[in-house]
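Visitor: Mind having a look at this structure? Questions to follow.
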Amino acid sequence: MKSIMKSMLSDSQDRNVVSSKRVIVVLSFLLLATAFIANLFFKLTVVQYMFDSMTYIVIGGLSITGVEKFASKSDDKNKGP
């Protein structure tokens, strides 16, 4: 389980480095899921702007991580002749 979490949070270019961006997204997702469950089952109200801002953080973080997967990994295109 520990290796699965480490591989999920590791940077795509260096597997030994944990990406802080991914850690923030995972923690934000867990808080968002907790707020949803608390609202659904325990009838605790969550302030709408806080819920929306956490949703934007998760969506933004996941989209940036997704774009990094498909981006070019070599610096050869950026170097001039």
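The values are calculated or read from the model by the stated rules, or taken from the named source; none is laboratory data. Predicted, not measured: the structure shown is a model, and the values here were computed from it.
Visitor: Considering each of 58, 67 in turn, give the residue that is at pLDDT below 85, assigned to a helix (DSSP H, G or I) and among the β-branched types (Val, Ile, Thr). Before the answer, list the steps.
Guide: Details: 58 fails: at pLDDT below 85.
Of 58, 67, the one residue that is at pLDDT below 85, assigned to a helix (DSSP H, G or I) and among the β-branched types (Val, Ile, Thr) is 67.
Visitor: Also: Checking residue 45 against (1) modelled with pLDDT of 80 or more; (2) assigned to a helix (DSSP H, G or I); (3) hydroxyl-bearing (Ser, Thr, Tyr), which single condition isn't satisfied?
Guide: (2)
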